[in-house]
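Single-structure report; data block below.
Only the coordinates and a few stated rules stand behind these numbers; no lab work does. On a predicted model such as this, the values are computed, not experimentally measured, just so you know. So basically every Cβ, Gly included, is an ideal-geometry build from the backbone, and we count neighbours across all protein chains shown.
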Amino acid sequence: METAHSIWEVTDMKLPFKGVKFLECGNAMLFDIHEDTDDGTYERVADWKRFVNKLDQEGTSFFINKLATNKRKKTMIEAYDVTIFRKHDQDTEATIEFKEPITVVMGKVGGVEITAQVKKIRGEFDHDYFFKKNGRQQELANGFEIWFKVNEYLG
């Protein structure tokens, strides 16, 4: 069975989710990727530097708050065909609710994968930087990935 570890493959392509290892977590979902070469997003190198410095200073919650455009209360955010629930604006711990239940691969017995349908997952957002040879600048990372480290599947 073909599985996916990114939110867009799970929501758009309807593939079963199977988490991958990210840092100390063995069950993570790729939530977003940004690069300094993204068309129109970071028009100048200074825009990218400013964004990455804020991400460094404020942590992953800075990125999550950016998803809640023009909202004062950033505890319930709709993005990427999901709703993100947090207790406070600066929390990285969250519950993600999908519009439709997704299939999750829970494990394997022999050669048979065990799956379940879930509508919510609870965990924590985190980020990691990466470098590329063809980035627009050399002083900072050329990109970052936002990951959701899954702690628990909810009905």
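Points worth noting:
- Convex hull per residue volume in Å³, alpha carbons only, for the chain: 136 Å³
- Positive dipole terminus of segment 40-155, leading residue within G59, A46, F130 (C-beta point charges): A46
- Once you reduce segment 15-85 and segment 91-144 to the center of their Cα atoms, the two points are 11 Å from each other.
- Structure-based [θ]222 nm, the chain - -39500 (n - 2.57) summed over DSSP H runs of at least 4, per residue, nearest 500: -5000 deg cm²/dmol
- Pairs exceeding a 27 Å alpha-carbon distance, out of K14/K132; K73/K99; K21/K73; K87/K120; K54/K132; K49/K132: K14/K132; K21/K73.
- Contact order normalised by residue count of the chain, Cα under 8 Å, 6+ apart, percent: 24 percent
- Value of relative contact order over segment 74-155, rounded to a whole percent, pairs C-alpha under 8 Å and six or more apart: 23 percent
- Qualifying GluC sites (Glu not before Pro) in segment 73-152, where qualification requires a DSSP coil assignment and no more than 14 other C-beta atoms within 10 Å, comprise E139.
- Debye equation applied to the C-alpha atoms of segment 1-85, log10 I(q)/I(0) at 0.12, 0.16, 0.19, 0.21 Å⁻¹: -0.48, -0.84, -1.10, -1.20
- Rounded to the nearest 20 debye, the dipole size of segment 91-155 about its Cα centre is 280 debye, using +1 on the Cβ of Lys and Arg and -1 on the Cβ of Asp and Glu.
- Electrostatic dipole magnitude of the chain [Cβ: Lys, Arg +1; Asp, Glu -1; Cα centre; debye, to 20]: 340 debye
- Those chymotrypsin sites (Phe, Trp or Tyr not before Pro) in segment 64-155 that DSSP places in a loop and that have at most 10 other beta carbons within 10 Å: F131
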